[in-house]
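Below: one structure, written as structure tokens.
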């Protein structure tokens with residue numbers, strides 16, 4: 001990119017940043033704010049009547065720009081489907097070409113905004129993309145159409161967001177999430193529990209087949225860098241003495257059971273303790289949804305598939321099925337996550 005064009009792009013981004021910053025500062029009862037994707041998206045934590053709310057702030061589009069966004073998006077998808085090059089390399093060039101065709105005379109700031117919204121629709125999670133980028137958010141929960149989406153924030157617990165999803169959009173959105181996991185949602189198959197490509201855990205329900213409020217979903221976000229035992233000490237989850245004892249127990253191959261309520265840190269603790277497993281030991285893990293992240297080369301992560309059966313048999317490929325097979329793999333450490341059935345015996 002020529003220097004003049006690069007300088008112009010910086011100036012344009014600065015204008016977008018000023019707009020988002022101005023919108024953030026307009027909130028009454030603002031407690032905290034921070035960037036999610038500078039300069040395009042920020043979050044404003046607001047406290048009113050004793051309750052906290054989580055407000056995603058992005059550049060405002062005019063009615064005309066919003067219309068162009070949707071038209072360009074569908075045309076762009078058609079074009080990218082036949083591109084032989086890396087999609088990310090040609091995306092901006094093709095998107096900008098279409099924006100200028102559908103919105104003649106569009107200013108640089110307007111183009112920059114539209115490119116941001118197109119980028120998150122094509123490569124991200126669209127309206128919830130800023131939320132998924134927030135490292136402080138652990139869970140994202142949508143309880144039905146036209147209802148506010150809730151997030152579990154590490155500093156404020158469950159808080160209501162300023163985002164709600166209409167019925168038709170929510171149906172399409174959840175179907176898209178399910179497809180990313182390799183599953184489909186329909187009246188005949190109204191439930192999905194699986195891992196998204198980034199490792200996050202998706203639980204989704206189709207319309208009112210199982211959830212009375214309609215289509216709904218929950219996403220437990222995947223932590224890219226697992227907590228270490230020292231992190232657990234720093235967070236007062238474990239004491240130094242208990243970590244030392246657990247270290248000895250893990251190294252000596254003791255049997256262990258980690259028990260706790262939902263979202264209490266069971267998997268986080270298990271993952272941290274796995275760092276005490278000697279490097280070359282044989283490790284086999286069994287999970288319904290992939291959550292563990294180990295650094296051992298001699299690790300076989302097995303995933304249960306309750307919706308599948310063994311060929312020529314009625315036996316399901318559940319955790320119990322995998323447990324029997326895992327014992328034939330000569331494991332020195334056998335990890336069973338989310339113990340909820342016969343495999344716990």
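Taking label positions 7 Å along the Cα-Cβ direction at both residue 248 and residue 51, the computed distance is 5.1 nm, reported to one decimal.
For the range 63-123, the alpha carbon convex hull comes to 72 Å³ per residue, rounded to a whole number. When 153, 183 are sorted by how many other C-beta atoms sit within 10 angstrom of their C-beta, beginning with the fewest, the order is 183, 153. Computed per residue of the chain from DSSP H runs no shorter than four, each worth -39500 (n - 2.57), the mean residue ellipticity at 222 nm is -11500 deg cm²/dmol. From the square roots a ≥ b ≥ c of the eigenvalues of the alpha-carbon gyration tensor of the range 139-224, which class results: rounded (a/c under 1.5), prolate (a/b over b/c), or oblate? Cα axes put the range 139-224 in the oblate bin. Run the paramagnetic zone check for residue 293: 7 angstrom along Cα to Cβ, then residues of the range 233-262 with backbone nitrogen under 19 Å. Within reach of a label on residue 293: 233-235. Length gained on full extension, residue 26 to residue 224, computed as 0.36 nm times the residue gap minus the Cα-Cα distance: 67.9 nm. Looking at the chain, the pairs of alpha carbons with a distance over 25 Å make up 63% of the total. Once the Cβ-Cβ distance of residue 160 and residue 258 is raised to the sixth power relative to R0 = 35 Å, the FRET efficiency obtained is 0.65.
Here residue 210 and residue 10 are evaluated by their C-beta separation; at R0 = 51 Å the FRET efficiency comes out at 0.55. Shape of the range 1-125 from the C-alpha gyration tensor: prolate (a/c of 1.5 or more and a/b above b/c, with a ≥ b ≥ c the square roots of its eigenvalues). Computed from Cα atoms, the angle from the helix 3-25 axis to the main principal axis of the chain rounds to 80 degrees. Quick one: grab the alpha carbon gyration tensor of the range 187-345, order the square roots of its eigenvalues as a ≥ b ≥ c, and give me rounded if a/c is under 1.5, else prolate or oblate depending on whether a/b is larger than b/c. Because a/c hits 1.5 or more and a/b fails to exceed b/c, the range 187-345 counts as oblate. Counting 0.36 nm for each residue step from residue 88 to residue 122 and taking away their Cα separation leaves a gain of 11.3 nm. Between the range 240-308 and the range 63-126, the C-alpha centres lie 44 angstrom from each other.
Annotation for residue 64 and residue 320: the two label points, set 7 Å from Cα along the Cα-Cβ direction, are 6.6 nm apart. Against the chain, whose longest principal axis comes from its Cα atoms, helix 240-251 is set at around 60 degrees. Its residue count N fixes a reference of 2.2 N^0.38 Å for the range 90-137, and the Cα radius of gyration divided by that reference is 1.32. The GNM of the chain, with springs linking C-alpha atoms under 10 angstrom apart, assigns the highest mean-square fluctuation among 230, 334, 128 to 230. With respect to the chain, whose longest principal axis is taken over its alpha-carbon atoms, helix 108-123 is tilted by about 30°.
Every read-out reported here was derived from the displayed coordinates using simple, explicitly stated rules and does not represent laboratory data. Here the structure is a predicted model, which means the values were calculated and not measured. Cβ: placed from backbone, ideal geometry, glycine included. Neighbour counts: every protein chain shown.
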